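Undergrad: Before we start, here is the structure in question, set down as structure tokens.
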């Protein structure tokens, strides 16, 4: 079983397909390495595509100690994948929990990034939502441990930004739910407590966002309500960022709307690869509405 080992001894399972310039896909909390299948089938035609299960997500290791899980660990596990596979630089594509890890990777290890795709990123980030999100995350962790994945995971799959997936693609949603309830209850609970509930708000990271120079695409669904304002924040503060909002879509956009998600990512990567992705013209943010004169 292919794996890389992190600096704290955790084995991360990975799979790869294709050849060429590498892309590393970083999954969301409700997913695992399988979540990126529509992307591997598409992008492996042109790129070396790598997907892995985060710590706590089978068949990667499930460390029993909650202290083994944090936002910094999630960020550094991306680096462990690159190091373990001998990759100097890669395009990094993340969704939700993986989007947060991608953002943190971008401003911590800029020399390792060809580009960043930050998808569905923002849960609990808005001012005034931190305590609510932390409380809900800890309650979800209790549910995974006490009620098991069949019940608690099934309920999680029907959250307010997941029902769009069920409505748009019932068959795809059912596969997503079935994969979710196969996850480790302990790993899910530890991840929810150590990574999700404790990560800093995006609004605390503005100065770090402003240091990002890698080409960046922020992408979200228009009914992924907790991510809309944070996506605008990232667009404003990252000088190399563009923003895509997919219509009538919820949170799980890479599998809910795979054709549109892939189309947007492919167009972005093409411009990056040919050296035509621009930084923002400062004249566009002068503060004036009609003219700067």
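Undergrad: Specify which of the listed residues (58, 95) is over 24 Å from residue 215 (Cα atoms) and at pLDDT 95 or above. Spell out how you get there, then give the answer.
TA: Values: 95 fails: over 24 Å from residue 215 (Cα atoms).
That would be 58, the only listed residue that is over 24 Å from residue 215 (Cα atoms) and at pLDDT 95 or above.
Undergrad: On to the next question. Quick one: is residue 215 buried (at least 21 other Cβ atoms within 10 Å of the Cβ) and at negative phi? Walk me through it before giving the result.
TA: On the way: buried (at least 21 other Cβ atoms within 10 Å of the Cβ): yes; at negative phi: yes.
Judged against the criteria, residue 215 is a match.
Undergrad: Looking only at segment 66-88, count how many residues are free of Cβ contacts under 8 Å to residues at least 40 places away in the same chain and outside any helix (DSSP H, G or I).
TA: Step one: of segment 66-88, the residues free of Cβ contacts under 8 Å to residues at least 40 places away in the same chain are 72, 75, 79, 86, 88.
If we keep only those that are outside any helix (DSSP H, G or I) as well, we get 86, 88.
Of the residues in that region, 2 qualify.
Condition check ((1) farther than 15 Å from residue 189 by Cβ; (2) in a helix (DSSP H, G or I); (3) in contact with a helix residue (DSSP H, G or I) (Cβ under 6 Å, 6 or more places away or on another chain); (4) without any contact (Cβ under 8 Å) to a residue 12 or more places away in the chain) across all residues:
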| position | (1), (2), (3), (4) |
| --- | --- |
| 128 | yes, no, no, yes |
| 137 | no, yes, yes, no |
| 164 | yes, yes, no, no |
| 167 | yes, yes, no, yes |
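This table checks each residue for (1) more than 25 Å from residue 34 (Cα to Cα); (2) surrounded by 19 or more Cβ atoms within 10 Å (Cβ to Cβ); (3) modelled with pLDDT under 95.
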residue	(1), (2), (3)
132	yes, no, yes
138	yes, no, yes
158	no, no, no
164	no, yes, no
170	no, no, no
173	no, yes, no
199	no, yes, yes
208	yes, no, no
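Undergrad: Using the structure shown, decide if residue 254 is surrounded by 12 or more Cβ atoms within 10 Å (Cβ to Cβ), touching a strand residue (DSSP E or B) at 6+ places or on another chain (Cβ under 7 Å), closer than 23 Å to residue 114 by Cβ and touching a residue at least 12 places away in the same chain (Cβ under 8 Å).
TA: Working: surrounded by 12 or more Cβ atoms within 10 Å (Cβ to Cβ): yes; touching a strand residue (DSSP E or B) at 6+ places or on another chain (Cβ under 7 Å): yes; closer than 23 Å to residue 114 by Cβ: yes; touching a residue at least 12 places away in the same chain (Cβ under 8 Å): yes.
Spelling it out, residue 254 is indeed surrounded by 12 or more Cβ atoms within 10 Å (Cβ to Cβ), touching a strand residue (DSSP E or B) at 6+ places or on another chain (Cβ under 7 Å), closer than 23 Å to residue 114 by Cβ and touching a residue at least 12 places away in the same chain (Cβ under 8 Å).
Undergrad: Right, next: So for segment 100-120 (the condition being touching a helix residue (DSSP H, G or I) at 6+ places or on another chain (Cβ under 7 Å), surrounded by fewer than 23 Cβ atoms within 10 Å (Cβ to Cβ) and at pLDDT below 95), does at least one residue qualify?
TA: no
Undergrad: Scanning for something without any contact (Cβ under 8 Å) to a residue 60 or more places away in the chain, surrounded by 15 or more Cβ atoms within 10 Å (Cβ to Cβ) and assigned to a helix (DSSP H, G or I), does segment 270-288 turn up at least one residue? Walk me through how you get there before you give the answer.
TA: Narrowing segment 270-288 to residues without any contact (Cβ under 8 Å) to a residue 60 or more places away in the chain: 270-271, 274-276, 278, 280-288.
Those left that are additionally surrounded by 15 or more Cβ atoms within 10 Å (Cβ to Cβ): 271.
Filter once more, so that each one left must be assigned to a helix (DSSP H, G or I): 271.
Yes, segment 270-288 contains at least one residue that is without any contact (Cβ under 8 Å) to a residue 60 or more places away in the chain, surrounded by 15 or more Cβ atoms within 10 Å (Cβ to Cβ) and assigned to a helix (DSSP H, G or I).
The values are calculated or read from the model by the stated rules, or taken from the named source; none is laboratory data. What you see is a predicted model; the values in this text were computed from it and never measured. All Cβ positions, glycine included, derive from the backbone under ideal geometry; neighbour counts span all protein chains shown.
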